[in-house]
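Undergrad: After the structure tokens below, expect a handful of questions from me.
The values are calculated or read from the model by the stated rules, or taken from the named source; none is laboratory data. All figures in this text were calculated on a predicted structure; none of them were measured in a lab. Neighbour counts are summed over all protein chains in view; Cβ atoms, including those assigned to glycine, are modelled from backbone coordinates with ideal geometry. The protein model used for the area step is the full one, side chains on, heavy atoms only, and it has no ligands, DNA or RNA in it. Shrake-Rupley method; radii C 1.70, N 1.55, O 1.52, S 1.80 Å.
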Amino acid sequence: MKILLFGIAKDIVGNQSLDEAFQAKNVAELKQELIQKYPEFTKLSSLAVAVDEEYANDDTPISAQNEIAIIPPVSGG
Amino acid sequence: MEKKIEIIEHIDPSVIYKDLSHPASGGICVFIGAVRDTTQNQKVNSLFFEAYEAMALKEMEKIAAAASKQWNLHRLIMQHAVGDKKVEEPVVLVGASSAHRDDCFEACRFLIDTLKEKVPIWKKEFFDGTDEVWVTPHP
């Protein structure tokens, strides 16, 4: 499963994207796995996930066919 | 309503009147965000902006659609810059034109506030010396 990373999420992981095996079947499970592997994510004030370029809910299902991105707190403007 | 929504390298505020003027519009309102030289008493040298471009454009489209539903607008613009930006450079520009001023004033405020809340764009601050930090707003 390929996961796109932006902003501080890139620094936490040390890469522009994650391409490793995740067991997660939905967004909540993905966040849990991510935090287990990279505990620094708990320090962020929020952690959103986008599935196919849309903000996703915790129960949104995910699979390798989706474009998944980690959205740390946004700071545009 | 006509709209212009872009993620671009350089924002050119000098063309904004042409972008927003409309025969039926008696009012044009614009907000431009620029790089400030200080953050919490620290001297800022430059900012770097990164966007999840495809999603950012989609979110900007949604904000524009919501604004055009809520207010009577003739033209609308939303632009955000990416890359390295120096002090005083424009980094975000939003604006709208309408028959009377209330609609474009209120829409303009909504456009920038919602952009800052929802659009997946991130800014890194470069300070005097070697310090650099991703800006993560507090909850």
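Undergrad: Once you order the gyration tensor axes a ≥ b ≥ c over the Cα atoms, which shape class does chain A get: rounded for a/c under 1.5, otherwise prolate or oblate by comparing a/b with b/c?
TA: The shape class here is rounded.
Undergrad: So how strong a dipole does chain B carry about its Cα centre when Lys and Arg Cβ are +1 and Asp and Glu Cβ are -1, to the nearest 20 debye?
TA: Dipole magnitude for chain B comes out near 420 debye.
Undergrad: For the protein assembly as shown, report the accessible area per residue in Å² (1.4 Å probe, heavy atoms, rounded to an integer).
TA: Result: 52 Å² of accessible area for each residue.
Undergrad: In addition: What residues of region A:41-77 lose no less than 20 Å² of accessible area with every protein chain in place versus their chain by itself (probe 1.4 Å, heavy atoms only)?
TA: SASA drop of 20 Å² or more in region A:41-77: A:Ser45, A:Glu53, A:Glu54, A:Tyr55, A:Ile71, A:Pro73, A:Val74, A:Ser75, A:Gly76, A:Gly77.
Undergrad: Can I ask one more? Counting only protein heavy atoms, what percent of the accessible surface of chain B is carbon or sulfur at a 1.4 Å probe?
TA: Here it works out to 49 percent.
Undergrad: Does the protein assembly as shown come out rounded, prolate or oblate, given a ≥ b ≥ c as the square roots of the eigenvalues of its C-alpha gyration tensor, rounded meaning a/c under 1.5 and, failing that, prolate meaning a/b above b/c?
TA: Oblate, since a/c reaches 1.5 and b/c is not below a/b.
Undergrad: Rounded to whole Hz and in sequence order, give me ³J(HN,Hα) for region B:104-111 from the Karplus expression 6.51 cos²θ - 1.76 cosθ + 1.60, θ = phi - 60°, writing x for Gly and Pro.
TA: Result, rounded to whole Hz: 6, 4, 5, 4, 4, 4, 4, 4.
Undergrad: Cross-link candidates for B:Lys58: which lysines have Cα within less than 18 Å, leaving aside residues fewer than 8 places away along the same chain?
TA: Candidates past the 8-residue exclusion: B:Lys3, B:Lys4, B:Lys69, B:Lys116, B:Lys118.
Undergrad: Need one number: buried accessible surface between chains A and B, 1.4 Å probe, both sides summed, DNA, RNA and ligands left out, in Å² to 100.
TA: 2000
Undergrad: Just from its helices, what would the mean residue ellipticity at 222 nm be for chain B, if runs of 4 or more DSSP H residues each count -39500 (n - 2.57) and the sum is divided by every residue, rounded to the nearest 500 deg cm²/dmol?
TA: Roughly -9500 deg cm²/dmol at 222 nm, from the helical runs in chain B.
Undergrad: Say we join alpha carbon atoms closer than 10 Å with springs in a Gaussian network model of chain A; which of A:Ser63, A:Ser45, A:Ser17 then has the biggest fluctuation?
TA: Maximum fluctuation in the GNM of chain A, among the listed residues, is at A:Ser45.
Undergrad: In chain A, what percent of the accessible surface is made up of carbon and sulfur (1.4 Å probe, ligands and nucleic acids excluded)?
TA: Its accessible area is 44 percent carbon and sulfur atoms.
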